[in-house]
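The values are calculated or read from the model by the stated rules, or taken from the named source; none is laboratory data. Owing to the predicted nature of the structure, the values given are computational and were not obtained by experimental measurement. When we count neighbours, we look across all protein chains shown, and the Cβ atoms used for this are built from the backbone with ideal geometry, even at glycine.
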Amino acid sequence: MIFILVFIFINLFVSPSLAYKLFIISFPDNYGKMKKEKIFYVGAAEPAFGAIYDLKPPKRFFLLTPDKKTIKVTLFRTKYEDKALNLERIGYKIQLSLETKGDHYICIESDYYLTRDLKLTKSFAKVPLHVEIEKGWDNFCGFDLEIKPYTRPYGFSDRGIFWGQVLYNNKPLSNVIVEFERFSPVFLNLEDLPKDSYGEINYPYLKKTVKTNKDGFFVVSLEKPGWWVLTVKRGAGIKTFGNTSYPVEIASHFWIYVFPSKEENLKYNFLEKTP
């Protein structure tokens, strides 16, 4: 009975379209040292709820160096724990040992997937890896839809302010919504979710939004420590999938880490399942 209730909650309240967000995160932060191994975890989630899904092998993935060179990386399959349904979920790890100082980006493009509301969705995601010196943090992965940082995208503390610009095919995208949310370290059961004064789930508290101006610029406040994701979406025509035509939506995710003001170890204990 409990399983059925959780299943209904996941499907009706957490992700009605199953349009997940592609995540790329590391621990304890996104700082690295030359010739020291750094591991990043890749998967699919509804971050604000701490809900984990399976992720098909991404279509394209690479490391962008501070000098704008692309380096092939290897994805190692791993398993994550779905705390909601007590299932194993498919994810991946990237193990890096870098020879160059500066700001690198891990860039990933998913394959198309069909959501419940019958949209074909493709996701792009990127995360900066800061290695010892400040160089190259404003580089592009080259996605069709991408967020350009105008604030250095690392070294944030609580209530840090991020200034960015949304570009579509290298042109500013005006009046588009940018959603930003914190990746919950634990799965939030229905009773744990924030409620409004009417006892309903307070979605605006979990997922905040801002609009770009006429030049594609926006500003957000990252209020708590941990991993945050900025997401922008837009339609991209029609595509045939399995002999049927569907509207296409592309989504671009930018992952940013916020340091706690006091020493604090945020554990995302569902990310790697112990054998």
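Annotations for the structure displayed:
- Any hit, segment 90-103, residues being within 27 Å of residue 247 (Cβ to Cβ), modelled with pLDDT of 95 or more and among the basic types (Lys, Arg): no
- Selected residue (only one of 105, 92 is under 25 Å from residue 186 (Cβ atoms), of a type in the set (Phe, Trp, Tyr) and outside any loop (DSSP other than H, G, I, E, B)): 92
- Residues that are in contact (Cβ under 8 Å) with a residue 60 or more places away in the chain, outside any strand (DSSP E or B) and under 22 Å from residue 150 (Cβ atoms) within segment 192-223 comprise just one, 223.
- Only listed residue being modelled with pLDDT of 95 or more and over 21 Å from the mean Cα position of the chain (by Cα), chosen from 58, 66: 66
- Test result for residue 44, at pLDDT below 95, hydrophobic (A, V, I, L, M, F, W, C), closer than 30 Å to residue 202 by Cα and surrounded by 20 or more Cβ atoms within 10 Å (Cβ to Cβ): no
- Taking segment 79-89 as the range and being in contact (Cβ under 8 Å) with a residue 60 or more places away in the chain and either part of a strand (DSSP E or B) or closer than 25 Å to residue 135 by Cβ (or both) as the test, the residues that pass are 79, 80, 81, 82, 88.
- Of everything listed in (1) surrounded by fewer than 18 Cβ atoms within 10 Å (Cβ to Cβ); (2) within 23 Å of residue 32 (Cα to Cα), the single unmet condition for residue 126 is (1).
- Applying a threshold of 7 Å to beta carbon distances and a minimum spacing of six or more residues, or different chains, the list of pairs starting in segment 133-150 at a residue that is more than 29 Å from residue 237 (Cβ to Cβ) and ending at one that is assigned to a strand (DSSP E or B) and of a type in the set (Phe, Trp, Tyr) reads 150/163.
- Subset tally (residues that are assigned to a loop (DSSP other than H, G, I, E, B) and crowded, with 19+ Cβ neighbours inside 10 Å) for segment 137-172: 5
- Flag for residue 122 being touching a His at 6+ places or on another chain (Cβ under 8 Å), assigned to a strand (DSSP E or B), closer than 18 Å to residue 254 by Cα and not aromatic (Phe, Trp, Tyr): no
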